[in-house]
Amino acid sequence: MKNLKLGSLKKIEIILEGAYAAFATDLLDRIGVKGYTIINNLSGKGSHGFHDGHLMFNEDDVLIMIIAAVPESLVSPILQGFAPFYSEHSGVVFISDIQVTRMVKFSD
Amino acid sequence: MKNLKLGSLKKIEIILEGAYAAFATDLLDRIGVKGYTIINNLSGKGSHGFHDGHLMFNEDDVLIMIIAAVPESLVSPILQGFAPFYSEHSGVVFISDIQVTRMVKFSD
Amino acid sequence: MKNLKLGSLKKIEIILEGAYAAFATDLLDRIGVKGYTIINNLSGKGSHGFHDGHLMFNEDDVLIMIIAAVPESLVSPILQGFAPFYSEHSGVVFISDIQVTRMVKFSD
């Protein structure tokens, strides 16, 4: 028998240039993120409201968005892990609350 | 005259292999979901933090994300509807709170 | 020295036909949105739960989603700015709460 349970997690959306995809997924693996989904071939412009007009990427850049659902305890390690990267490269990280379906098996 | 109202809904993000797109949209139609948007050609890996390391999809799989905004009353039917599928196939469903613009017409 | 701070913003997701991308980004620029990311080549159907079954776009339409993170003060100008467009064209705007990494430099 199966029962559906919802788990509260943090959704992390990491936008960066596609050239750095392997760097980013390796970093997530090392931090202990067990899975992610990647949206490829994004375009973008600007700073998402931060950095006071500093241009973060041009419209012609090929960007990706890496989406992961993680326990709250991993948010800080992820942000700390990406901080050196974002001090030199353009991009942004979004964090939001989500619920995720969790399959729980009950034996009879 | 038009006035903008915001409605609180649940955003459902359904990630699954693209081969099952028609199954998923048919199921949503039957449940009464009136619209959705599909992001095609995602790549992904792993479990989004659940299933204890059970590999849900490989990086080479072609995944899609179906995004729908639904009333809260439809969340449980959607999750129940997809449960048999996810017991046999990889993927994940994210649920989050959103507001959606709703156009309301006022006659004079 | 760098310290990571999180800023609370509103995430705006604007879904519309790709033919109107330039209109939309020009409008965002004029409103003062400093950056955005665009997901191209979406497909979609229907109304996202509004408009009582009024078909907003067909599955064959090529849609885009423009994602921006903005201060709450910009939400209303964006919705007001897009209202005339959405009275004549299909699409939807999602609004949700997010946190965004903000790099803050501290001098010693």
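Computed 3J(HN,Hα) for the range C:67-83, one whole-Hz value per residue from the Karplus formula 6.51 cos²θ - 1.76 cosθ + 1.60 where θ = phi - 60°, is 10, 9, 10, 9, x, 4, 5, 8, 4, 5, x, 5, 5, 5, x, 8, 4, glycine and proline marked x.
Residue C:32 label point (Cα plus 7 Å toward Cβ) to equivalent points in the other copies: 4.2, 4.2 nm, shortest first. Starting from the label point of residue A:81 at 7 Å along Cα→Cβ, the same points in the other copies fall at 3.6, 3.6 nm, in ascending order. When each of the peptides B:68-78, B:88-98, A:80-90 is scored by how many other beta carbons lie within 10 Å of its residues on average, the order from highest to lowest is B:88-98, B:68-78, A:80-90.
All of the numbers you see were taken from the coordinates with simple rules; none came from a lab. What you are looking at is a predicted structure, and each value in this text was computed from that prediction instead of being measured. Cβ: placed from backbone, ideal geometry, glycine included. Neighbour counts: every protein chain shown.
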